[in-house]
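One structure is given below, encoded as structure tokens.
The values are calculated or read from the model by the stated rules, or taken from the named source; none is laboratory data. All values reported here derive from a predicted model rather than from experimental measurement. All Cβ positions, glycine included, derive from the backbone under ideal geometry; neighbour counts span all protein chains shown. The area values use the complete protein model at the heavy-atom level, side chains included, leaving out ligands, DNA and RNA. Shrake-Rupley method; radii C 1.70, N 1.55, O 1.52, S 1.80 Å.
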Amino acid sequence: MGGVSGKLESPETKLEAKMVEVMQRRASKGTAIKSFNSIILKFPKIDDSLRNCRAIFEQFDEDSNGAIDHEELKKCLHKLGVCFTEEEINDLFEACDINQNMGIKFNEFIVLLCLVYLLKDNATKFEAKSRMGVPNLEATFETLVDAFVLLDKNKDGYVSKNEMVQAINESGEHSSGPIATKRFEEMDWDKNGAVSFKEFLFALTTWVGIEDVGDDGEFK
């Protein structure tokens, strides 16, 4: 379990438990990504793909207040053709509303879409490509899943600090220990010693340069 006990054995929500289960299943299939450096090299393409989601975000932000509220999220999921229970929608909203301001900002929306893609593991059930008009979004989400699988060496659905060190060591980085520690701390924002896929996604949006959309419409 990556050397961490407690929370890893008892995910906080059914949503997190399902994420861990799906990620473990995906990890058992392996990953096409060979090194942490190759993830970094993909940052520009990932950045472009995710920024193209802005039009989708604005479409569902019906009151144009810069955030998607609970009701707007329901409409979004309905439009995407995915079915969640009320409890699952609540869990998804709370999981992505990291600032707890009762609204999903742009960077949070990107994470939410990727989690929806992951949870609807069968790609035929998730029609983002046709419904959203972003042809490469599905491929981008697959890249993000593959990147996490690369880091999750023991396939338990979480990334530990030791696993992060190992991944960066394999990339041949000099002074890999400090680099891995910094990257891990950027991911582990609840400081429990284990990084979930959701935490990884939030860190990655920051790494590629996507944080939020300001009042002037510009990315911060």
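The single condition from (1) more than 19 Å from CYS114 (Cα to Cα); (2) touching a residue at least 60 places away in the same chain (Cβ under 8 Å) that VAL159 fails is (1). Number of residues in region 55-74 that are modelled with pLDDT of 90 or more, more than 17 Å from LEU118 (Cβ to Cβ) and in contact with a helix residue (DSSP H, G or I) (Cβ under 7 Å, 6 or more places away or on another chain) equals 8.
Those residues that are buried (at least 17 other Cβ atoms within 10 Å of the Cβ) and either over 18 Å from the mean Cα position of the chain (by Cα) or over 30 Å from VAL149 (Cβ atoms) (or both), I need them from region 39-65; list them, please. Correct list: PHE60, ASP61.
Every residue, every condition in (1) closer than 16 Å to GLU71 by Cα; (2) outside any helix (DSSP H, G or I); (3) at pLDDT below 90; (4) open to solvent by 50 Å² or more (accessible area, probe 1.4 Å), yes or no:
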| site | (1), (2), (3), (4) |
| --- | --- |
| MET102 | yes, yes, yes, yes |
| PHE109 | yes, no, no, no |
| LEU112 | yes, no, no, no |
| THR124 | no, no, yes, yes |
| VAL134 | no, yes, yes, no |
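Listed conditions (1) surrounded by fewer than 22 Cβ atoms within 10 Å (Cβ to Cβ); (2) at pLDDT 90 or above; (3) within 30 Å of LYS79 (Cα to Cα); (4) not hydrophobic (A, V, I, L, M, F, W, C) are all met by LYS155, apart from (3). Within region 181-210, being within 15 Å of ALA147 (Cα to Cα) and either in contact with a Lys or Arg (Cβ under 8 Å, 6 or more places away or on another chain) or of a type in the set (A, V, I, L, M) (or both) holds for PHE184, MET187, VAL195, LEU201, ALA203, LEU204, VAL208.
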